[in-house]
Amino acid sequence: MAKIVCVLYDDPITGQPETYARDGLPTLERYPDGQTLPTPNAIDFTPGSLLGSVSGELGLRKYLESNGHTLVVTSSKDGADSVLDRELHDAEIIISQPFWPAYMTAERMDKAPKLKMIVTAGIGSDHTDLQGAMDRGITVAEVTYCNSNSVAEHVVMSVLALVRNYIPSHNWVLKGGWNIADCVARSYDVEGMHVGTVAAGRIGLRVLRLLKPFDMHLHYMDRHRLPEAVEKELNLTYHSTLESLAKVCDVVTLNCPLHPETEHMVNAESLKNFKRGAYLINTARGKLCDRDAIAAALESGQLAGYAGDVWFPQPAPEDHPWRSMPNHGMTPHISGTSLSAQARYAAGTREILECYFENRPIRDEYLIVQGGELAGVGAHSYSAGNATKGSEEAERFKK
Ligand code: NDP
């Protein structure tokens, strides 16, 4: 029988909700490209309830314990005295969400001789040392597509919030003011602006589709080109480099995975290629950007705004400069963990576990690493290597 360690974010400070703002969730049949939603044999949770925090347990306890397994759920994940570290010695499966990632470094893998699988309940397995997993024959899986559309909605919200100066204007209301000039002195329309996505995968392409009705000019940069029919349908301009895209775009949104090839792709040098007053939205991964270069670009006005929800490390320490830099619209890492998304990735995690325990193949769509190499979706979207360096700084966050 297996021990599963599941690292989840803390419950709300007022405790796990007893009631919710809405009753139930809309029913989705399929993802936009036809991929089916998760198909576990059963679920033991109510869709629309809070599953991603410790008390929600991703709805897994009944299933795992009724099959004789041991489930440990904790939010204590950083530092050698964390519950995660203490439980590693006999853990067979580690589950965590990118919002509150269990950084699975090579050192941690070495403390877990029985470890067979690391599951990302969500998308983006960069918090696992993929090279380390390959070297040790550990499977890495994630729930592809579960929250791609959720993130795309957050990107669109952020584009509009920054360009229209929504957050400072809302703050004037809270302060009891009616300072129209203060609000609009930084407010523009997105209509007619050029917006470009770095990567046109599930999220990036969705962002382009959602922004099309705003009559923005659409650009993308990717390692592979989209089908010609899609380029024509959306009137897309393709760029083979970030430099070429940044030079013409008023708004840039990052939607590629973090791997050694993309780490710090936005830095002091590449920011020089951006138009003065460009807006940058990053809901992909904090480490795609050089932390201090972003803060400096906002101070100097090279960037007019920066928004997103991803930081490095997570949780970000209290003195992280992105908390206090000017003209930002940052949130904690939330875009992919709406109640709607949680229901999908909890079901997807259950599907992966059922496959594992019943010796059935895990869908290719969910595989990142298997049999010592990048596999499935991972072989397409990631490159080999390790992007967890520096994650030990997460220990500096104090609750
Ligand atoms: P997809 O795999 O559908 O898309 C990723 C795209 O990135 C692919 O088109 C891939 O290109 C492209 N890509 C990879 N490397 C590069 C590169 N060096 N330069 C340009 N493009 C590149 O994933 P999703 O769209 O669903 O998610 C993307 C990322 O968003 C995730 O990896 C994750 O980091 C982040 N994310 C964030 C969430 C949040 O809550 N904030 C939630 C979900 C995801 P190709 O396939 O052509 O090689």
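Throughout, read-outs are computed from the coordinates displayed, never taken from laboratory work. Given the structure is predicted, the values throughout are model-derived calculations rather than measurements. With ideal geometry, Cβ positions are generated from the backbone for all residues, glycine too; neighbour counts draw on all protein chains shown.
Within the chain, which complete DSSP H helices have Cα atoms spanning at least 15 Å along the helix axis and a mean Kyte-Doolittle hydropathy of 0.5 or higher?
Those that pass (Cα extent of 15 Å or more, hydropathy at least 0.5) are 148-163.
If a/c stays under 1.5 just call it rounded; otherwise compare a/b with b/c (prolate if a/b is bigger, oblate if not). Do that for region 204-291, with a ≥ b ≥ c from the square roots of the Cα gyration tensor eigenvalues.
Since a/c reaches 1.5 and a/b is larger than b/c, the shape of region 204-291 is classed as prolate.
What's the local net charge at SER82, with K and R +1, D and E -1, over the other residues with C-beta under 12 Å away?
With Lys, Arg at +1 and Asp, Glu at -1, the neighbours total -2.
Just to be sure I understand: of the beta bridges DSSP finds with both ends in region 33-166, what percent are antiparallel, rounded to 5?
Close to 10 percent.
What is the magnitude of the charge dipole of the chain about its Cα centre, with +1 placed on the Cβ of each Lys and Arg, -1 on the Cβ of each Asp and Glu, and no other charges, expressed in debye to the nearest 20?
480 debye
What is region 221-356's relative contact order, in percent, from Cα pairs under 8 angstrom and six or more apart in sequence?
18 percent
Nearest-5 percent of antiparallel DSSP beta bridges in the chain? Show your work: numbers first, answer last.
On the way: 6 of 51 bridges.
Within the chain, antiparallel bridges account for around 10 percent of the total.
Taking +1 at the Cβ of each Lys and Arg and -1 at the Cβ of each Asp and Glu, which of PHE45, TYR31, ALA21 sits farthest along the dipole of region 1-52 towards its positive end, judged by Cα position relative to the Cα centre?
Toward the positive end, the furthest listed residue is TYR31.
Cut-off 10 angstrom, C-alpha nodes, Gaussian network model of the chain. Which of GLY305, GLY176, GLY371 fluctuates the most?
It is GLY176.
Using only alpha carbon pairs under 8 Å that are at least six residues apart, calculate the relative contact order of region 246-320 and give it in whole percent.
It comes to 34 percent, rounded to a whole number.
Would region 217-261 count as rounded, prolate or oblate if I go by the C-alpha gyration tensor, calling it rounded below 1.5 in a/c and otherwise prolate when a/b exceeds b/c, oblate otherwise?
Values: a/c = 2.04, a/b = 1.29, b/c = 1.59.
Cα axes put region 217-261 in the oblate bin.
May I ask which of LYS212/LYS275; LYS77/LYS389; LYS62/LYS111; LYS77/LYS111; LYS247/LYS272; LYS212/LYS272 have a Cα-Cα span longer than 18 Å here?
Working: LYS212/LYS275 21 Å; LYS77/LYS389 16 Å; LYS62/LYS111 28 Å; LYS77/LYS111 14 Å; LYS247/LYS272 9 Å; LYS212/LYS272 27 Å.
The pairs that break the limit, which is 18 Å between Cα atoms, are LYS212/LYS275; LYS62/LYS111; LYS212/LYS272.
Among PRO361, PRO260, PRO38, which one shows the highest mean-square fluctuation when the chain is modelled as a Gaussian network with alpha-carbon springs under 10 Å?
For the chain, modelled as a Gaussian network with Cα springs under 10 Å, the answer is PRO361.
Which of TRP178, TRP322, TRP100 ends up with the largest GNM mean-square fluctuation for the chain, with Cα atoms connected below 10 Å?
TRP178
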